[in-house]
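Worksheet for the structure shown next.
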Amino acid sequence: MKKLLFLLVCLTAMVGCKQEKAKIDADVALQTRDSLNRIIAQRDNEINDMMATMNEIDEGFREINKAQGRVNLAKAGEGANDKARIRENIQFIQSTMQQNRELIEKLKKQLRTSSFKSEELKKTIENLTLQLEEKDAQLIQLRTELEAKDIHIAELDQKIDGLNSNVSNLTKESNQKSETITAQDKQLNTAWFVFGTKSELKAQNILVDGKVLQANFNRDYFTKIDIRIDKEIKLYSKSATMLTAHPSNSYTLQRDANKQYILRITNPQAFWSTSKYLVVLVK
């Protein structure tokens, strides 16, 4: 009877443990899903904000083109009303160009602070800056044509000089920021790996008293890689043990024709999220 009672108690405890584990697993899954949903929502909001800014810039250029067309029509006339329309449209073009210039700066800032990094968007911003330069050149040409018709706009000389200076500064600043972004992007996507025997890793202080990367280890012993490009690492060994922690679902260890291991990184962002250093023990 006592044995039966003991057995029932054990079975009850086992069921309780399984239920508790299932509850914990469900909670973890829910938290993970909520976290992913927040990340996705944040990225969507950032992309929507940048797209809204780009739409404003495109609309500004469309309005500038329309105003240029109105100026070209008015140039054919000789009356005071035609000159007044020219002045009005020129002023509109100048103010809209300044607005677009500020919006392009806003777009650059949005890209710098966003978690969404896109080479295509960088190229788009560069093209928008070039469009500004082209419009400034067209405005200078328009001034020359208006002066030939004795249509002088008092504010135009000063504003065009300012525009030229602004465009020059904007281009220089854009180049500097592009270089900075490129350098930062490269740094963010750089990682280091090493594989070696226990004695080799100990000799470089990479493995000390069973602990990895705890001491002043030799960083020069590691190989630098670009995580966007380098997703396969040949280990040249029939035995391989991961010493640094990386999500198990972000990589696979497979054997080649010689039965030697190859590390294939299937999800680089997840794999390198825990550490930008990879250490593998081989024999």
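The values are calculated or read from the model by the stated rules, or taken from the named source; none is laboratory data. The shown structure was predicted, so the numbers you read here are calculated from the model rather than taken from an experiment. With ideal geometry, Cβ positions are generated from the backbone for all residues, glycine too; neighbour counts draw on all protein chains shown. Heavy atoms of the whole protein, side chains included, go into the accessibility calculation; ligands, DNA and RNA do not. Shrake-Rupley method; radii C 1.70, N 1.55, O 1.52, S 1.80 Å.
Within region 50-78, no residue that is at pLDDT 85 or above sits with its Cβ atom under 6 Å from a residue that is open to solvent by 10 Å² or more (accessible area, probe 1.4 Å) and aromatic (F, W, Y) at 6+ positions apart or across chains. When A240, A191, A257, A215 are checked against the criterion of being farther than 14 Å from L281 by Cβ, among the aliphatic types (A, V, I, L, M) and in contact (Cβ under 8 Å) with a residue 12 or more places away in the chain, A191 stands alone in meeting it. Is it the case, given these coordinates, that Y221 is hydroxyl-bearing (S, T, Y), more than 26 Å from E119 (Cβ to Cβ), in contact (Cβ under 8 Å) with a residue 24 or more places away in the chain and touching a strand residue (DSSP E or B) at 6+ places or on another chain (Cβ under 7 Å)? So Y221 fits the description; yes.
Scanning region 218-244 for residues that are within 20 Å of N189 (Cβ to Cβ) and either part of a loop (DSSP other than H, G, I, E, B) or of a type in the set (A, V, I, L, M) (or both) gives F222, I225, I227, R228, I229, D230, K231, I233, T244. Answer yes if at least one residue in region 262-271 is assigned to a loop (DSSP other than H, G, I, E, B) and within 30 Å of the chain's Cα centre (by Cα), and no otherwise. Within region 262-271, one or more residues are assigned to a loop (DSSP other than H, G, I, E, B) and within 30 Å of the chain's Cα centre (by Cα).
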